[in-house]
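Heads up, the thing below is written out as structure tokens.
The values are calculated or read from the model by the stated rules, or taken from the named source; none is laboratory data. Computed from a predicted structure; not experimentally measured. Using ideal geometry, Cβ is built from the backbone for each residue, glycine included, and neighbour counts are taken over all protein chains shown. Just so you know, the surface numbers come from the protein's heavy atoms only, side chains and all, with ligands and any DNA or RNA stripped out. Shrake-Rupley method; radii C 1.70, N 1.55, O 1.52, S 1.80 Å.
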2 protein chains.
Amino acid sequence: MSTKTKVTIHDIAEKLNITASTVSRALNDNPRISDATKKAVLKTAKQLNYQPNNIAAALRHGKSYIIGVIVPTADRFFFASVVRGIEEIANNLNYKVIICQSYDNYEKEVQTIEALLNARVDGIIASIGKNTENFDHFKKVQSKGIPLVLFDRTTDELEVSQVMIDDYLGSYKTVEHLIQQGCRRIAHFTSPKKVSVFKERLRGYTDALRDYEIPYDEQLVIKSDLQLEDGRESMKKLLKLKQMPDAVFSASDYAAMGAMQVLKERDIQIPEQVALAGFSNEPFTSFTDPPLTTVDQRSIKMGNITAELFFEHFKAGEKGIVSQKTVLKPELIVRKSTLRK
Amino acid sequence: MSTKTKVTIHDIAEKLNITASTVSRALNDNPRISDATKKAVLKTAKQLNYQPNNIAAALRHGKSYIIGVIVPTADRFFFASVVRGIEEIANNLNYKVIICQSYDNYEKEVQTIEALLNARVDGIIASIGKNTENFDHFKKVQSKGIPLVLFDRTTDELEVSQVMIDDYLGSYKTVEHLIQQGCRRIAHFTSPKKVSVFKERLRGYTDALRDYEIPYDEQLVIKSDLQLEDGRESMKKLLKLKQMPDAVFSASDYAAMGAMQVLKERDIQIPEQVALAGFSNEPFTSFTDPPLTTVDQRSIKMGNITAELFFEHFKAGEKGIVSQKTVLKPELIVRKSTLRK
DNA sequence: TCAGTTTGCGTAATCGTTTGCGCAAAGTAG
DNA sequence: CTACTTTGCGCAAACGATTACGCAAACTGA
């Protein structure tokens, strides 16, 4: 049975005939407090069922020990993994992470930032929503001197530290691989959005084609929202062309999966007739039939690095440090969907 | 350019020659404040770039407007969806949700609870970790009078409101469906853990067999952690039996997927030789080959209801209301992996 | 033994809001 | 015009912790 009344350090001070300051110091293991007193305090704390009030502490010293993480959606393996990577580091340093989802909705992203600022988080780590084209809310964060680090979905319109993978390289290597497998008419699924990752993947695609002297064919580049259903539609469009592509490189695993479905429905052999590659290394790609070639984004590593970078900024504090851009090397995961051997 | 010095309601009060109380009331739209004053306050607030400090407010009135949600892992579609469902309701009521992952780790679950209590969240919504067998940390939450609602992974050892699906029914219907498809040797993948959902699914399995007068064969019930790899191992064990099963009903989609891989590797026809069903309706189940029959858990709905139930408790406050158990009806999603037609 | 240091703790201010109470001015009723 | 209610706001005490400063007692070294 517990007392309904909240017990504070004053209560435990009173019980011990000492002051709240001493209790506070004892609980924080201050060297100026004798071991005897510390033990007594700890003991009565348990006894009274004392629960520290972080809110009060946070108010007092302006730190909440909470960092806000904003992701478009937490149910994508990639983002979930990055969050995990961030948590690993943050928890070690005794920070809590509060995860917010923007659902790729600009309004919600703005509101979330505002809420995090009101909640006085010690910093924000974010991946920008697909539809975000105005970055004032992020600028506001910076102007308040609150550490901000972006990962994966970043932008150059902000002078901010960011961590991403080399989307260009991942894309280039994938297309190169397809070419080495003998493909010559390689299609690409991309997004019309301003998010740099997709632009980079497109650039890797075109550059690889150019370097291998394969003509760029506008018809083979299909823009969509890159969900599974979009992949289906895009694939159908491709199949209507006079000349079918012999490979499809999708900037998203989901869209690649959609394409795979359509190909299988029409009994088009993968990879013999059409080789297929995705991007992100979603878990399901390893057990599609055939398993899907894709690009691993080093998600956990990215989370770790993002968090570490964040804490660097954090420690630098008001002085601030020059914002830096960390680029991770992606890994091409070759599976049967592109192996024509 | 922004002032580094934090601006408070006192600053805006000073500028207007009124007191902080008035400013506070104006910002909170208190009826006792004139419209003129309110407008002036709002205006200078913008002007000074005032940012409310929720920490101070929370300290003052003991409410943080934050509720903690604990899930084993956020990268499972089911949990991510429930979280989404919870957020929908919570955001409408102006509550923020902080998502914590226990990673099915008991220690971390306990620590997370402690951290949430310290952070003075207004309540906790949780799904219990797989390895949790002691519930004192949840009891502590309750003893502090903090609203607690469990979903999906619940326990009867706690007198607490909970929301779940009828795992028994979902399981029963699945097995019934398999029987109707002509299967007679139906295996079941389950977990050794104390989590009620798996026990219920097992009960549905055995009851369906009994009702259809199919003998229960202990050899056909395989316990594991139900990950994909476990599914592979379990399937291999089954294939070593003198008599092969003609159906596998896995309590997890991932384990079912593992089984599917093994079956395909050995050229065993699905569903002709072995029918296969999973549980949870993970997104990937719709695009496996063949698509996997599974049970949908009404995840968004579950999130909505959980949150609503939570807020009921919340409003009831100290008085408390009788804890209630809400059971949702699951939906059997029949796909090709079990359709022998 | 005495000045100087260390140890151990108390005093009181502070973080930024909220809110019960009070009070004058303005409005309303009779 | 009196008495009462409303309107609009100020005063000051919270909320629960932290911390700069101070001060005695104990300890240290020469």
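Per-residue Karplus couplings for the stretch A:155-161, computed as 6.51 cos²θ - 1.76 cosθ + 1.60 with θ equal to phi - 60°, are listed in order as 8, 8, 6, 10, 8, 8, 6 Hz, Gly and Pro entered as x. For A:Asp217, the point set 7 Å out from Cα toward Cβ sits 5.4 nm from its twins in the other copies, listed from shortest up.
What are the residues whose amide H is under 5 Å from the amide H of B:Lys130, where those residues sit 5 or more places off or on another chain and H is modelled from the backbone? Result for B:Lys130 returns B:Asp104.
Quick one: grab the alpha carbon gyration tensor of the stretch B:188-338, order the square roots of its eigenvalues as a ≥ b ≥ c, and give me rounded if a/c is under 1.5, else prolate or oblate depending on whether a/b is larger than b/c. Write out the running numbers ahead of the final one.
Details: a/c = 2.53, a/b = 1.96, b/c = 1.29.
The shape class here is prolate.
Look at the stretch B:212-221: the mean tally of other chain Cβ atoms within 10 Å of its residues' Cβ atoms is 0. Peptide A:289-296 is shielded by partner chain Cβ atoms: per residue, an average of 1 of them sit within 10 Å of its Cβ. In the stretch A:9-52, a dipole from Cβ-located charges (positive for Lys and Arg, negative for Asp and Glu) runs towards its positive end, and of A:Ala36, A:Thr22, A:Gln47 it is A:Ala36 whose Cα lies farthest in that direction.
Each residue of the stretch A:16-32 is assigned a 3J(HN,Hα), and the resulting list reads 9, 6, 10, 9, 4, 4, 4, 4, 4, 5, 4, 5, 8, 6, 5, x, 7 Hz, derived from the Karplus form 6.51 cos²θ - 1.76 cosθ + 1.60 (θ = phi - 60°), x at Gly and Pro. Summing charges over neighbours of B:Gln243, with a neighbour being any other residue whose Cβ is under 12 Å away from its Cβ, gives +2 when K and R count +1 and D and E count -1.
Over chain B, what is the mean sequence separation of C-alpha contacts under 8 Å (at least six apart), divided by residue count, expressed as relative contact order in percent? It would help to have the intermediate numbers written out before the result.
Working: 619 pairs, mean separation 57.8, N = 341.
Computed over chain B, the figure is 17 percent.
Which of rounded, prolate or oblate describes the stretch A:189-270 when judged by the alpha-carbon gyration tensor and an a/c cut-off of 1.5? Mind showing how you got there, number by number?
On the way: a/c = 2.01, a/b = 1.23, b/c = 1.64.
Judged from the Cα gyration tensor, the stretch A:189-270 comes out oblate (a/c at least 1.5, b/c at or above a/b).
Largest GNM mean-square fluctuation among A:Phe138, A:Phe189, A:Phe287, using chain A with Cα springs under 10 Å: A:Phe287. Inter-copy label distances at A:Gln47, using a point 7 Å along Cα-to-Cβ, come to 5.7 nm with the shortest given first. Taking amide H positions as modeled 1.01 Å from N, with prolines and chain starts lacking one, the residues under 5 Å from A:Ala247 and 5 or more places away or on another chain are A:Arg185, A:Ala187, A:Ala275.
Accessible area per residue, 1.4 Å probe, Å², for the stretch A:27-122: what's the number?
The answer is 46 Å² per residue.
In this Cβ point-charge picture (+1 for Lys and Arg, -1 for Asp and Glu), chain A has a dipole of about 1040 debye about its Cα centre.
Projecting the Cα atoms of A:Thr174, B:His61, A:Phe79 onto the dipole axis of the protein assembly as shown, where Lys and Arg carry +1 and Asp and Glu carry -1 at the beta carbon, places B:His61 farthest toward the positive end. In the structure shown, the pairs A:Lys199/A:Lys325; A:Lys199/A:Lys315; A:Lys108/A:Lys144; A:Lys140/B:Lys301; A:Lys242/B:Lys336 are assessed against 29 Å; a Cα-Cα span above that value is assigned to A:Lys199/A:Lys315; A:Lys140/B:Lys301; A:Lys242/B:Lys336.
By definition, a body whose alpha carbon gyration tensor gives a ≥ b ≥ c is oblate when a/c is 1.5 or more and a/b is not larger than b/c, and the protein assembly as shown fits this oblate description. Basic side chains Lys and Arg get +1 at the Cβ, acidic Asp and Glu get -1 at the Cβ, and with that the dipole of the stretch A:9-52 about its Cα centre reaches some 120 debye.
Amide H to amide H, with H built 1.01 Å from N, A:Cys100 comes under 5 Å of A:Val69, A:Ile70, A:Val71, counting only residues 5 or more places away or on other chains. 3J(HN,Hα) along the stretch A:232-238: 4, 4, 4, 5, 4, 4, 4 Hz, from the Karplus curve 6.51 cos²θ - 1.76 cosθ + 1.60 with θ = phi - 60°, whole Hz, x for Gly and Pro.
Inter-copy label distances at B:Pro283, using a point 7 Å along Cα-to-Cβ, come to 1.3 nm with the shortest given first.
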